[in-house]
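The values are calculated or read from the model by the stated rules, or taken from the named source; none is laboratory data. The model shown is predicted, which means the values in this text are computed figures rather than measured ones. Neighbour counts are summed over all protein chains in view; Cβ atoms, including those assigned to glycine, are modelled from backbone coordinates with ideal geometry. Calculation scope for accessible area: heavy atoms of the full protein, side chains included, ligands and nucleic acids excluded. Shrake-Rupley method; radii C 1.70, N 1.55, O 1.52, S 1.80 Å.
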Amino acid sequence: TFCKRVRANDREYNEKFQYASNCIMTSKYNIITFLAVTLFEQFQEVANTYFLFLLILQLIPQISSLSWFTTIVPLVLVLSITAVKDATDDYFRHKSDNQVNNRQSQVLIGGILQKEKWMNVRVGDIIKLENNQFVAADLLLLSSSEPHGLCYIETAELDGETNMKVRQSLSVTSELGDPNNLAQFDGEVVCEPPNNKLDRFCGTLYWKDCKYPLSNQNMLLRGCVLRNTESCYGLVIFAGPDTKLMQNSGRTKFKRTSIDRLMNTLVLWIFGFLVCMGVILAIGNAVWEKEVGALFQSFLPWDPPVDNFLFSAFLSFWSYVIILNTVVPISLYVSVEVIRLGHSYFINWDRRMFCSRSNTAAEARTTTLNEELGQVEYIFSDKTGTLTQNIMTFNKCSINGHTYGEEQHMAALDFSAWNPLAARDFCFYDQSLLDAVMEGEPAVHEFFRVLSLCHTVMSEEKSEGELLYKAQSPDEGALVTAARNFGFVFRSRTPGTVTTQELGKAVTYTLLAILDFNNIRKRMSVIVRNPEGRIRLYCKGADTVLFERLHSCNHELMNVTSDHLNEYAGDGLRTLAVAYRDLSEEQWEEWSEHFRGADKATDCRDDRLAAAYEEIEQDMMLLGATAIEDKLQEGVPETIAILSLANIKIWVLTGDKQETAVNIGYSCKMLTDDMTEIFIVNGHTVQSVREELRYNGDVCPAPPPSLLESISGEFALIISGHSLAHALEADMEREFLETACACRAVICCRVTPLQKALVVELVKRHKKAVTLAIGDGANDVSMIKTAHIGVGISGQEGIQAVLASDYSFSQFRFLQRLLLVHGRWSYLRMCRFLCYFFYKNFAFTMVHFWFGFFCGFSAQIALDTGYWTAINHFFIWGSLGTYFTILFAMHSSILFNIFPKQFHFLGDAHNTLGQPVVWLTIALATVICIAPVLAFRFLKLDLKPQLSDTVRHTQLVLQKKRKPGGRAGRGVGGGSRRSGYAFAHQEGFGELITSGKNMRLSSLALATFASRHSSSWIDTLRRKKHANSPGWSQLKTVLIRKTLLFFFFVMYTLLFF
């Protein structure tokens, strides 16, 4: 039901509905609420409440033997430090909000364009956007400087995709490009209420007694960037917190670590123990006062409030609660915060997490979660910009049974020497392919001719020889650029022609038809007529669908090409096949008649067009295949492999298309060929999703309770966004979670930012595991805020993820060091510190408890707190000062000059270490100290191994027993991993080109290139592990352990006696 009404250019009418302003606020506090909210959050810590309770008790003179000053000062100090830290974090959020809210936008007011801050934009205003500007609010596109009301946008902050998307205004408003005309526009939009669905919008425009349906194709959402469009005008429909971007952004949450929760529990138990000690001592006081104290009443009477031994015992109980409160001193929390601060500096100072390319160091943006890094069990990662660089490079190709592109160790070819139109940043290393082009091999020429003609790329020539391509997908840009460098240059197009330059010769083809791409066809074709009049169909697409439509004479070439495709796919490259078909004039005329009839059909138009496409795309001749690398960030496969060995599960949550994400899964080694099965959940209804999950649950065993059994899972789950929406419903979420947790890899495709957060919340709620979310764009902010730990990567999609994160760095590979080094050591240090601290305080407190039995249970203190504090400070700072004083003195040349007789020369240490007796003493002392420890470790490893030792042993045994085999996944064909192109493309561009709606004088390229990544490290590791036979390896290990154990025992016995 439509419940929102917006009238253009009428603020007074729109203000009646009290719509949200365009001002956003992601901060937690303001000046008024800061004190109350921060105190509320801090007193959720049980210890703070506990110390506040003690402070109140100490203010009662009858029961307090300690000054209230000893409690209030540390408590205020702890609260103040935490408040200052929270205020500092929130200050940066306010700063970011102000920066966004104060951006300038051109608003049409009274027929005049005026500059207004974003925060002052209102629903119903008309805004002018210019090229490369961010969209200020959710707008209805009214008109554009481009033909037919088209405009191009980039949605990286919404879904992580950097390829161009097209939006189009209604034809009735597309001519209102003049501010004077727009000022007279008084149309009224009735639409759905604010929601978080990025891919859907329903509404109706009422204007001039007519109504026009509105869809998502007419909307420009906040967070998008206007690209390759001079200007456009839009009507504000949703503003500020009502925009879809903000609806998908979760609120900032207060995060606690598991150690904080454990300390809260321990404080409660210790308080219970304290009450028990107080009760025991109070009972002792009652007995003592009744039996012994009564004898002293004549000269030592009770204080005035006390009139019997029971009331004395009652007061004694509260006095002992105060005295024994040191069992949980407030200094514990001060010390914990200081240690956490030190660990944060260790992360900030880590040179191994510094990226010299971007001059970016790792940053711990919070100090409260360091030890939680060592307990992470689930990592939720974005794909584009986090695992990949979103850079497509033409890497290899197979033409007529010959493969090219293997010689990566050679220097990059210089194309500019013979091709003035070659792209400077294109890199290719195989000279034989360039030689084949120069020698005029027909198959090679036809291969690159297909790449230069069969696409939807737009070209712009800024100056003579300077070509810029605007590609709808990065794959398209990489393929057209490859053809350009090998001499087949796409120059320009019109609705009916395509102009290329083939080896320096200008050639214009007549464009007869574009057979558009969609997710079902997984291919696209063009039909062109060359200058000689010959008609030919060129096709490129997924090999799984293209091979089925080849002529029977291609069988041998298809087998060779299939082997090459398998090889490329093994390297994680995105592949597609290339073919052609010659058409006679009669065939073209007959098919053209069918095509025009299907195109004009009013019912079942899509089905009729698909049938027409299927009719002509038959009996094609195979030319070869291409292999494009979606370049990974450095070290991603190695990082994922090492994190998997630590039993950390990695789920990829991406807004990208399914096949693109699957290809990246193979490149990252998350998906492998030896997996037992890969499940694909792609249902569109609740029932279909439920059936697929239950089928997968039957095939995939439920996750066993034992960690040792769970490491053998060789399943993967791939689920799309529309299926995930059903899977996250209350009655199905447990079924989905059980299936996902039984799999080694989980990839969620086409998910919205809110769905990312819901998946993280689902795992947090049911698995009780520590989760970490990592991303680089605004579409990852909700997920980062929801997870226990949020990590932001400072990449190409802005700094929104960094601002919302707890930790930030520039490369995914640094996550390994953050978790396995800093996280592990932070956790171990904190645990050892807590064990020692509780031991120390229990020892100190039990002295007072025991002293109560010797002082008549009179609640007297054994040691004065001032004395104890002074002793602590004296020994701690005194020992540090003494150590450093002696250290610097011994290395001071001044000391040698003052006392030449005592220090004859500076080389004492060198001469001492040159004596054999000294080294013998060091060796003996080392062996005596280390031998028992090593012997104990070996004995413990054999007799009582730890969980990690057993897991490592089980992994090795399973890996040696595992037999190589292919995937037999349901719905995953043998070539599905090779068809990444098909899902990286978007339907509808062919129709736009042939209609001429997007034809204009200028367009922008979207193609960048980089060098190829190698992931041979893991394969080498696997080969080494498989090299040894299981029996000999185990026998060798046992023999070495027993020999070393015997040697250590003998050495230790001889040295001891």
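Assorted remarks:
- Residues located in the range 324-344, provided they are open to solvent by 30 Å² or more (accessible area, probe 1.4 Å) and of a type in the set (A, V, I, L, M): Val334, Val338, Ile339, Leu341
- Within the range 134-230, strands (runs of 3 or more DSSP E) holding 2 or more residues that are over 26 Å from Lys117 (Cβ atoms) and over 30 Å from the mean Cα position of the chain (by Cα): 188-191, 203-207, 210-214
- Residues located in the range 266-308, provided they are out of contact with any helix residue (DSSP H, G or I) (no Cβ under 8 Å at 6 or more places or on another chain) and among the polar types (S, T, N, Q): Gln297, Ser298, Asn308
- Residue selection: Lys505 satisfies the criterion of being without any contact (Cβ under 8 Å) to a residue 60 or more places away in the chain and not β-branched (Val, Ile, Thr).
- Residues (part of a helix (DSSP H, G or I), open to solvent by 20 Å² or more (accessible area, probe 1.4 Å), under 17 Å from Cys741 (Cβ atoms) and at pLDDT 80 or above) located in the range 681-731: Glu692
- Flag: Ile793 does not match the condition of being crowded, with 19+ Cβ neighbours inside 10 Å and under 15 Å from Val376 (Cβ atoms).
- Condition check for Arg5: open to solvent by 60 Å² or more (accessible area, probe 1.4 Å), basic (Lys, Arg), touching a residue at least 40 places away in the same chain (Cβ under 8 Å) and out of contact with any strand residue (DSSP E or B) (no Cβ under 8 Å at 6 or more places or on another chain): no
- In the condition set (1) under 30 Å from the mean Cα position of the chain (by Cα); (2) assigned to a loop (DSSP other than H, G, I, E, B), Gly665 is compliant with all but (2).
- For the range 475-517, the set of residues classified as polar (S, T, N, Q) and in contact with a Pro (Cβ under 8 Å, 6 or more places away or on another chain) consists of Thr508 only.
- Options Ser452, Ser432; residue that is touching a strand residue (DSSP E or B) at 6+ places or on another chain (Cβ under 8 Å), farther than 25 Å from Val507 by Cα and in a helix (DSSP H, G or I): Ser432
- Condition check for Ala478 on (1) open to solvent by less than 10 Å² (accessible area, probe 1.4 Å); (2) over 30 Å from Ile650 (Cβ atoms): one failure, at (2).
- Residue satisfying condition, being in contact with a strand residue (DSSP E or B) (Cβ under 6 Å, 6 or more places away or on another chain) and buried (at least 21 other Cβ atoms within 10 Å of the Cβ), within set Ser174, Ser144: Ser144
- Out of Gln472, Gln389, sole residue that is modelled with pLDDT under 80 and assigned to a loop (DSSP other than H, G, I, E, B): Gln472
- Residues of the range 269-300 classified as open to solvent by 80 Å² or more (accessible area, probe 1.4 Å) and modelled with pLDDT under 80, total: 4
- Unique match (being more than 17 Å from the chain's Cα centre (by Cα), buried (at least 17 other Cβ atoms within 10 Å of the Cβ) and not hydrophobic (A, V, I, L, M, F, W, C)) among Gly624, Gly635: Gly624
- Checklist (1) modelled with pLDDT of 90 or more; (2) in a loop (DSSP other than H, G, I, E, B); (3) charged (D, E, K, R) applied to Glu634, failing item: (1)
- Flag for Phe736 being closer than 18 Å to Ile650 by Cα, of a type in the set (Phe, Trp, Tyr), touching a strand residue (DSSP E or B) at 6+ places or on another chain (Cβ under 9 Å) and buried (at least 24 other Cβ atoms within 10 Å of the Cβ): yes
- Qualifying residue in the range 513-528 (condition: open to solvent by 30 Å² or more (accessible area, probe 1.4 Å), modelled with pLDDT of 90 or more, polar (S, T, N, Q) and within 25 Å of Ile399 (Cβ to Cβ)): no
- Scanning the range 220-235 for residues that are under 19 Å from Asp199 (Cβ atoms) and out of contact with any helix residue (DSSP H, G or I) (no Cβ under 6 Å at 6 or more places or on another chain) yields Leu220, Cys224, Val225, Gly234.
- Odd one out for Phe185 among (1) at pLDDT 90 or above; (2) open to solvent by 30 Å² or more (accessible area, probe 1.4 Å): (2)
- Residue list for the range 536-565, filter: acidic (Asp, Glu) and either in contact with a Gly (Cβ under 7 Å, 6 or more places away or on another chain) or open to solvent by less than 30 Å² (accessible area, probe 1.4 Å) (or both): Asp543
- Only one of the listed residues (Met263, Met246) is within 30 Å of Asp97 (Cβ to Cβ) and among the hydrophobic types (A, V, I, L, M, F, W, C). That residue is Met246.
- Test for Arg521: is it in contact (Cβ under 8 Å) with a residue 40 or more places away in the chain and closer than 16 Å to Val507 by Cβ: no
- Residues of the range 89-132 satisfying the condition of being open to solvent by 60 Å² or more (accessible area, probe 1.4 Å), touching a strand residue (DSSP E or B) at 6+ places or on another chain (Cβ under 9 Å) and touching a residue at least 40 places away in the same chain (Cβ under 8 Å): Arg122, Glu130, Asn131, Asn132
- Of all residues in the range 21-43, those satisfying the criterion of being of a type in the set (Val, Ile, Thr) and open to solvent by less than 60 Å² (accessible area, probe 1.4 Å) are Ile24, Thr26, Thr33, Val37, Thr38.
- Taken together, the residues in the range 347-395 that are under 28 Å from Ala661 (Cβ atoms), open to solvent by 10 Å² or more (accessible area, probe 1.4 Å) and among the charged types (D, E, K, R) amount to 2.
- Qualifying residue in the range 304-323 (condition: assigned to a loop (DSSP other than H, G, I, E, B), of a type outside the set (Val, Ile, Thr) and open to solvent by less than 10 Å² (accessible area, probe 1.4 Å)): no
- Meets criteria (at pLDDT below 90, open to solvent by 20 Å² or more (accessible area, probe 1.4 Å) and not acidic (Asp, Glu)) for Phe837: no
- Residue satisfying all of: in the range 637-662; among the charged types (D, E, K, R) and part of a loop (DSSP other than H, G, I, E, B); farthest from Gly374 (Cα to Cα) among these: Lys657
- Checked against (1) modelled with pLDDT under 70; (2) under 19 Å from Val770 (Cα atoms); (3) surrounded by 23 or more Cβ atoms within 10 Å (Cβ to Cβ), Leu653 passes all but a single condition, namely (1).
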